[in-house]
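Engineer: Handing you this structure, nothing more for now.
What follows draws every value from the coordinates through simple rules; no lab data is involved. Note that the structure is a prediction, hence the values are computed from the model and not measured. Here the Cβ is made from the backbone with ideal geometry for all residues, glycine too, and neighbour counts use every protein chain on show.
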Amino acid sequence: MLILREASAVDLDAMADLAGYLDSVNLPADRDELRAIIEGSEESFSGRREVAERRFVFVLADTVTGQIHGTSMIFARHGSMRAPHVFFDVLEDERYSETLDRHFNHRVLRIGYNYTGKTEIGGLVVRPESRGHPEQLGKLLSHVRFLYIALHRAIFCEEVLSELMPPLEADGTSLLWEALGRKFTGLSYQEADRLSRSNKEFIRTLFPEVPIYASLLPPQVQAVIGQVGPETRGVEKMLRRIGFDYAHRIDPFDGGPHFHARIDDLVLVRRMARARVAPPGTSGTPGTAREPGAAPGRGPRYLVAPATTAAPRGFRAVAVVGAGVEGGAIALADEVRGALQVDVGAEVGVVSLDGHEPAPRGA
């Protein structure tokens, strides 16, 4: 069975392996940093960490083989007085000369800061060999974050942000950073990326406050501003489908686009239904989990998770095939209830993986 759960110390080796594919700010290829991330996540799920500092790390695991297929994350609040969220606003500056009868529309980059914070989703990494899986593992890892947000809405901000990876060079460098950031900081992209994981002061003090005209940059640099990289296009489509839009903001390091949405407007949050667990045979077709490698079953799929994280092994979620919520209840097969560590009568959250309504309107 495939299960989505909170990361724990036993996942360190698997997460270090995953980080080797990307080595990003959210999933660095450094075991000490990863260990601290896992410990922070455990404190976040248990409520032992201040709300503004909470980072929730999810893993998708095969309960039979123990393999970790991927990760995803939620940052309860990204941006504070001490460590603001930094970005470039992408603006338009329109100019016209009557004398020359010439009109120009310039793209302008202006450094900006957010000190009050937004919820951020990130850290979505799927093993290369696990991509193309019939269970759509990337979708599971993405959607579980919104199910968790909907179940624990008070923890999170009004707006949610996602920073997508842009096209990078073969060696992992950024054309935008080489054209701008390096000139203002004297750092390589990799050096700045590592430093920014713990300290962004150098951006506030060294980057210019005045607008930068992108038209002064080489054409190949202009071409990547706000663009989504080839490996991230699937994520962009997924985000747009559930209610995200391009924020006309980019990452000041690599030019990757920022997508945003009001949390309460997101389809997955609005359609999340709370239901009581019923035994098989009492509320429609029981929700069952497909075994890894099995052919896709018929019927709508739902992601189900306990409404609380009081279970001994913390947060867990399972994708099931079944009738969904009927009369305020959802029938779950014995193995699903066991995996979720819930009894009959327990409250769960249910969200569709296929666009179906988890519950009939008015139910």
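Engineer: Can you sort 27, 34, 206, 353 by how many other beta carbons sit within 10 Å, fewest first?
Structural biologist: Result, fewest neighbours first: 206, 353, 34, 27.
Engineer: Could you list 133, 69 so that the one with the fewest beta carbons within 10 Å of its beta carbon is first and the one with the most is last?
Structural biologist: Least crowded to most crowded, the residues run 133, 69.
Engineer: Additional query: In the neighborhood of residue 67, defined by Cβ-to-Cβ distances under 12 Å, what is the net charge if each Lys or Arg adds +1 and each Asp or Glu adds -1?
Structural biologist: -4
Engineer: Going by how many other Cβ atoms sit within 10 Å of their own, how do 165, 81 line up, fewest first?
Structural biologist: By the 10 Å Cβ count, ascending: 81, 165.
Engineer: With an 8 Å Cα cut-off and a minimum separation of 6 or more residues, compute the relative contact order for the chain in percent.
Structural biologist: 17
Engineer: Can you give the calculated 222 nm mean residue ellipticity of the chain, where each DSSP H run of n ≥ 4 adds -39,500 (n - 2.57) and the sum is split over every residue, rounded to the nearest 500 deg cm²/dmol?
Structural biologist: Value at 222 nm, helices only: -6000 deg cm²/dmol.
Engineer: Pull out a ≥ b ≥ c, the square roots of the eigenvalues of the alpha-carbon gyration tensor of segment 1-48, then state rounded if a/c is under 1.5, prolate if not and a/b is larger than b/c, and oblate in the remaining case.
Structural biologist: Note, shape of segment 1-48 comes out oblate.
Engineer: If you average the alpha carbon positions of segment 97-126 and of segment 228-282, how far apart do those two centres end up, in angstrom?
Structural biologist: 21
Engineer: Across segment 102-116, in residue order, what do the Karplus-derived ³J(HN,Hα) couplings come to in whole Hz, using 6.51 cos²θ - 1.76 cosθ + 1.60 with θ = phi - 60° and x for Gly and Pro?
Structural biologist: The phi angles translate into 10, 10, 10, 10, 8, 8, 10, 10, 10, 5, x, 9, 10, 9, 8 Hz.
Engineer: Helix check for the chain. Which DSSP H runs span at least 18 Å along their own axis by Cα, with a mean Kyte-Doolittle hydropathy no less than 0.0?
Structural biologist: TM-like helix candidates: 137-151.
Engineer: Also, quick follow-up: Just to confirm my numbers, what's the Cα centroid distance between segment 17-92 and segment 140-184 in Å?
Structural biologist: About 11 Å separates the Cα centre of segment 17-92 from the one of segment 140-184.
Engineer: Here's a follow-up. Please report, in cubic angstrom per residue, the volume enclosed by the convex hull of the alpha-carbon atoms of the chain.
Structural biologist: About 155 Å³ per residue, rounded to a whole number.
Engineer: Once amide H atoms are built 1.01 Å from N in the peptide plane, which residues 5 or more positions from residue 161, or in another chain, come under 5 Å H to H?
Structural biologist: Residues meeting the criterion, in which the H sits 1.01 Å from N, are 119, 120, 121.
Engineer: Note down the nm distance, to one decimal, between modelled labels 7 Å out along Cα→Cβ at residue 231 and at residue 344.
Structural biologist: Spacing of the two 7 Å Cα→Cβ label points: 4.8 nm.
Engineer: Spelling out what I want: for every residue of segment 263-276, take phi, set θ = phi - 60°, compute 6.51 cos²θ - 1.76 cosθ + 1.60 (Karplus), and round to whole Hz; glycine and proline get x.
Structural biologist: Per-residue couplings from phi come out as 4, 6, 8, 5, 4, 5, 6, 5, 8, 4, 10, 9, 8, 8 Hz.
Engineer: Can you give me the distance in nm between label points at residue 241 and residue 207, each placed 7 Å from the Cα along the Cα-to-Cβ direction?
Structural biologist: It is 3.2 nm.
Engineer: Of the cross-linked pairs 118/183; 139/183; 118/139, which ones have a Cα-Cα span greater than 27 Å in the structure shown?
Structural biologist: Distance filter (> 27 Å) returns 118/183; 139/183.
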